[in-house]
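Below you'll find the structure, written out as structure tokens, and then a few comments.
The values are calculated or read from the model by the stated rules, or taken from the named source; none is laboratory data. Worth saying up front: this structure is predicted, and the values here are computed from it rather than measured. Cβ coordinates were reconstructed from backbone atoms using ideal geometry, including for glycine residues, and neighbour counts include every protein chain displayed. Accessible surface areas use protein heavy atoms only, side chains included; no ligands, DNA or RNA. Shrake-Rupley method; radii C 1.70, N 1.55, O 1.52, S 1.80 Å.
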Amino acid sequence: MSTCISCGRKVTPEEKAVKMTCPNCGGVTIWRCEKCRLFGRTYRCPACGFTGP
Ligand SMILES: [Zn+2]
Ligand SMILES: [Zn+2]
């Protein structure tokens, strides 16, 4: 199961979580849960340290 990159919560298939790759290095798959997306929480790529909204 995937975890949200911003809050570390488990992402369930039912919620509208978004999956994307890091725009900087492209090597990491980033999951963000519905809430973090809603509140515009930032994420940090564990591979390159890139932060983004
Ligand atoms: Zn989250
Ligand atoms: Zn990255």
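A dipole drawn for the chain from +1 and -1 charges on Cβ atoms has a positive end, and of Ser2, Thr29, Phe50 the residue lying farthest that way is Phe50. With the gyration tensor restricted to C-alpha atoms of the chain, the semi-axes of the equivalent ellipsoid amount to 18, 12, 9 Å, longest first. For the chain, the solvent-accessible area of protein heavy atoms averages 67 Å² per residue (probe radius 1.4 Å; ligands and nucleic acids excluded).
How large a share of the accessible area of the chain, in percent, is made up of carbon and sulfur atoms when the probe is 1.4 Å and the other protein chains stay in place? Of the solvent-accessible surface of the chain, carbon and sulfur hold 51 percent.
With contacts taken as Cα pairs under 8 Å and at least 6 residues apart, the chain reaches a relative contact order of 32 percent. For Thr3, the residues whose amide H sits under 5 Å from its own are Val11, ignoring neighbours fewer than 5 places away on the same chain, with H placed 1.01 Å from N.
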